[in-house]
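Have a look at the structure below, then the notes.
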Amino acid sequence: MRTPQPRRDEIALIQGNIKGSIRVCSAQTGLSQRLPNAVSCSRVCVARRLSKYSPQGRSQVPITICGSVAIGSKEASTPKVIVTREFGKNGKLITELSKLGIESIELPLIEHAHGEDRSQLPRSLREENWEWIVVTSPEAAAVFLEAWEEAGKPKLNVAAVGGGTAQSLEACITPKFTPSKATAVTLAAELPGDCGRVLYPASAKASTDLQDGLSKRGFEVVRLNTYTTLPVSNIGEDTLRVALEADVVTFASPSAVKAWVKIAGLKSHQPIACIGETSANAAARAGFSNIHYPEKPGIAGWVNSIEDALGKISVDSTP
């Protein structure tokens, strides 16, 4: 059955005086519009497909509703999800959520900077012999590829921790190995071979799980802290207020968990949806109890976890 289309007079007007930097994603179009400092009025079409999350139960036919919505208003019944990766890295998640009628509010919590060992990476790639280069995140892939080009693009055996990291590499290098589960522990257990030198260009804040696991198997691991993560500063009060009224907060890294707790405080029952087990464990350590995450990290599983979190909200709110 064809989904009813909104009339012209049903196009939503999201009005408010937004200070800070925030993006509201239209659930109908999947487009993300940035609201800069002191925007007095922004026209964003918001389609609300509510049947899946309605406290009254699920309808067999999705219902699209458009109406006047004030940012931060409790009257808006569209499911709202905070996406917290850096600007430019939330697109796939926003697109998939928009297909489900879920509104995304883009609020980056972290930013990246070069680590203390970044300058050593090109020389290490060019002049030393490595059995493997292990890359464990899209950001690590970006830093590695930059240094790889500086080194003259030498031939290397590269292992990626998961599908997202592999995609970040594939435009330049095709990874020769990806483990069955996108975690450092699994990569350490499954990396082919049992000896040889492994270069690990890592985040300065990454755990030692990968290097410890490989070392126990007989590999010689050289870790270079090539980048680090920093919490985003200068989040405006109005921006934070909008974020705090969202239904679910998403995390893709332990650093994002720490940044959220620092700026928003800890609400232990706040519904959290993590990209994978590593972020989920960090959320649990921080004190969150309502945590959802997929067995295998990735966008598809992450979206399912967000749906689970929203579904639990609907169940809990049923009279």
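The figures follow:
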| quantity | calculated |
| --- | --- |
| Net charge contributed by nearby residues that have their C-beta within less than 13 Å of residue 266 (K/R +1, D/E -1) | +4 |
| Cα pair distances in the range 120-250, grouped into 5 Å bins until the bin that holds the longest one, percent each | 2, 10, 19, 21, 17, 10, 6, 6, 5, 3, 1 |
| Calculated P(r) of the range 137-185 - Cα pairs past 19 Å, % | 19 |
| Amide H within-cut-off set for residue 221, under 5 Å, with H built and near neighbours excluded | 198 |
| Rounded to the nearest 20 debye, dipole of the range 112-230 from Cβ charges on Lys, Arg, Asp, Glu | 120 |
| Potential extension, residue 220-residue 142 segment - 0.36 nm per residue separation minus Cα distance | 25.7 nm |
| Amide N proximity, the range 255-283 versus residue 308 label position 7 Å along Cα-to-Cβ, cut-off under 12 Å | 272-277, 280 |
| Out-of-range pairs (alpha-carbon distance over 21 Å; input 80/296; 153/176; 89/258; 92/205) | 80/296; 92/205 |
| The range 172-248 - convex hull of the alpha-carbon atoms, volume per residue in Å³ | 164 |
| Given charges at Cβ of Lys, Arg, Asp, Glu: the range 112-230 dipole, positive-most of 191, 151, 112 | 191 |
| Per-residue ³J(HN,Hα) for the range 103-110, Karplus 6.51 cos²θ - 1.76 cosθ + 1.60, θ = phi - 60°, Hz, x for Gly and Pro | 7, 9, 10, 8, 9, x, 9, 9 |
| Rh by Kirkwood over Cα pairs, then Stokes-Einstein D for the range 201-317 at 1.306 mPa s and 10 °C, µm²/s | 100 |
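Every number in this text was worked out from the coordinates using simple rules, so none of it is lab data. For clarity, every value in this text was computed on a predicted model and none was experimentally measured. Positions of Cβ are backbone-derived with ideal geometry, glycine not excepted, and every protein chain shown enters the neighbour counts.
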